[in-house]
1. Residues that are outside any loop (DSSP other than H, G, I, E, B), under 20 Å from the mean Cα position of the chain (by Cα) and over 21 Å from Lys145 (Cβ atoms): does the range 102-115 have at least one?
2. Please work out which one of (1) under 19 Å from the mean Cα position of the chain (by Cα); (2) under 16 Å from Tyr264 (Cβ atoms); (3) not acidic (Asp, Glu) is the condition Leu56 fails and give its number.
3. Of everything in the range 23-39, what is crowded, with 19+ Cβ neighbours inside 10 Å and part of a strand (DSSP E or B)? Give them in sequence order.
4. If a residue has to be part of a helix (DSSP H, G or I), crowded, with 16+ Cβ neighbours inside 10 Å and within 14 Å of the ligand (Cβ to nearest atom) to count, how many in the range 130-166 make the cut?
5. For the range 264-285, enumerate the residues that are of a type outside the set (Asp, Glu), within 16 Å of the ligand (Cβ to nearest atom) and in contact (Cβ under 8 Å) with a residue 24 or more places away in the chain.
6. Can you name every residue in the range 96-111 that is crowded, with 20+ Cβ neighbours inside 10 Å and of a type in the set (A, V, I, L, M, F, W, C)?
7. Counting just the residues of the range 205-252 that are of a type in the set (Val, Ile, Thr) and within 9 Å of the ligand (Cβ to nearest atom), which one comes out nearest to the chain's Cα centre (by Cα)?
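The values are calculated or read from the model by the stated rules, or taken from the named source; none is laboratory data. Source: prediction; values computed, not measured. Heads up, the Cβs are rebuilt from the backbone with ideal geometry, glycines too, and the neighbour counts pull from every protein chain shown.
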Amino acid sequence: MGSLEIKNFGILGYPVGHSLSPQIYKSAFEAAGFVNYNYIPLQVQAGKLFMAVEALKGLDFRGVNVTIPHKTIISKYLDAIDADALVIGAVNTVVNDGGMLTGYNTDVAGFLSALAEANFLPEDCHAVVLGAGGAARAILWGLCKKRAEYITIGARNPQKAQALANDFLSYGNVESFDWNSDEFKEMLQTADILINTTPLGMFPEIDDMPPVDLKLLPEGALVYDIIYNPAETKLLKTAKELGYPTLNGVSMLLLQAKEAYRLYTGEIPDMKIMEKTLNKILYSK
Ligand code: NAP
């Protein structure tokens, strides 16, 4: 544990000024005694991504996290893509092994570990996923890997939801609906878990929530919102008031960072330090 060796890490995106990653990773590196590990926000415009990726090799970066708008497009500049990232079609972590860049997606591991920590077994469950964007893709793949019995996607854009369902049809029993339809309301009645992957309710729009009648869910269904700011979204507050168990996005965020840290260093970070740093940034205003 610990080292005086210099290693560089960063988060590559546009914009990246708001990213929590620099503080989270820095606190974990410091706690592990990696005193010369740097973690830098790397603001890269879309048209300059190729040059930025090449520079990672020149500057001997050990790894970078990847965020909007580069998660999909970066794949074509990498030397290898891990199996999960390939199915999801998005990379959120790149590791540099002596000039060989490999892309990973740690959101799947983060999502599944968060479910495990909450003692929810996805095997054989009926999961209802709200939204059809990037996070939904990672979550769908996690549910398929764990052999969820049935997966229902509900979204405002039925065409997009259908395209997403089609992409995963060969991996699981996936169907999509307009979330305002009667068919979708019927599906809610047999859900074991409802997962919000839309940004509805995220700070600063904290009075928003997806247009779902939570009362239709069976008793005991887990209401999971992957938003982490605020810690309790309107969706979760409403679910709690109705007596449903709830889970927010903090554990997924921390556990996907844990997986990226492991890929970078081969070690497990001090999760308490990471969590403390996150709480300090987000909730102690
Ligand atoms: P994304 O790719 O932009 O997808 C967002 C999805 O939400 C799309 O299906 C979009 O629908 C839908 N949506 C957006 N605004 C909406 C609105 N006003 N009404 C209805 N639907 C709306 O984003 P993402 O990367 O999947 O991220 C989504 C959320 O997950 C964000 O809040 C993000 O912070 C959170 N997240 C959390 C974690 C974690 O570790 N906890 C990890 C990843 C993401 P259209 O396609 O119709 O636009």
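1. Taking the range 102-115 and keeping what is outside any loop (DSSP other than H, G, I, E, B), we get 102-104, 107-115.
Subsequent filtering for residues that are under 20 Å from the mean Cα position of the chain (by Cα) retains 102-104, 107-115.
Remaining after also requiring over 21 Å from Lys145 (Cβ atoms): none.
Checked the range 102-115: no residue is outside any loop (DSSP other than H, G, I, E, B), under 20 Å from the mean Cα position of the chain (by Cα) and over 21 Å from Lys145 (Cβ atoms).
2. (1)
3. Initial filter on the range 23-39 (crowded, with 19+ Cβ neighbours inside 10 Å): 24-25, 27-29, 32, 34, 37, 39.
Selection gives Phe34, Tyr37, Tyr39.
4. So the count comes out to 15.
5. Correct list: Pro269, Met274, Thr277, Leu278, Ile281, Leu282, Tyr283.
6. Restricting attention to the range 96-111, the residues satisfying the condition of being crowded, with 20+ Cβ neighbours inside 10 Å are 96, 101, 103-111.
Across the range 96-111, the qualifying residues are Leu101, Val108, Ala109, Phe111.
7. From the range 205-252, those of a type in the set (Val, Ile, Thr) are 206, 212, 223, 226-227, 233, 238, 246, 250; that's our starting set.
Subset that is within 9 Å of the ligand (Cβ to nearest atom): 226-227, 250.
Numbers: Ile226: 8, Ile227: 10, Val250: 10 Å.
Checked the range 205-252; the qualifying residue nearest to the chain's Cα centre (by Cα) is Ile226.
This table checks each residue for (1) buried (at least 21 other Cβ atoms within 10 Å of the Cβ); (2) under 20 Å from Ala161 (Cα atoms).
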{"residue": "Asp182", "(1), (2)": "no, yes"}
{"residue": "Lys185", "(1), (2)": "no, yes"}
{"residue": "Leu188", "(1), (2)": "yes, yes"}
{"residue": "Asn196", "(1), (2)": "yes, yes"}
{"residue": "Phe203", "(1), (2)": "no, no"}
{"residue": "Val212", "(1), (2)": "yes, yes"}
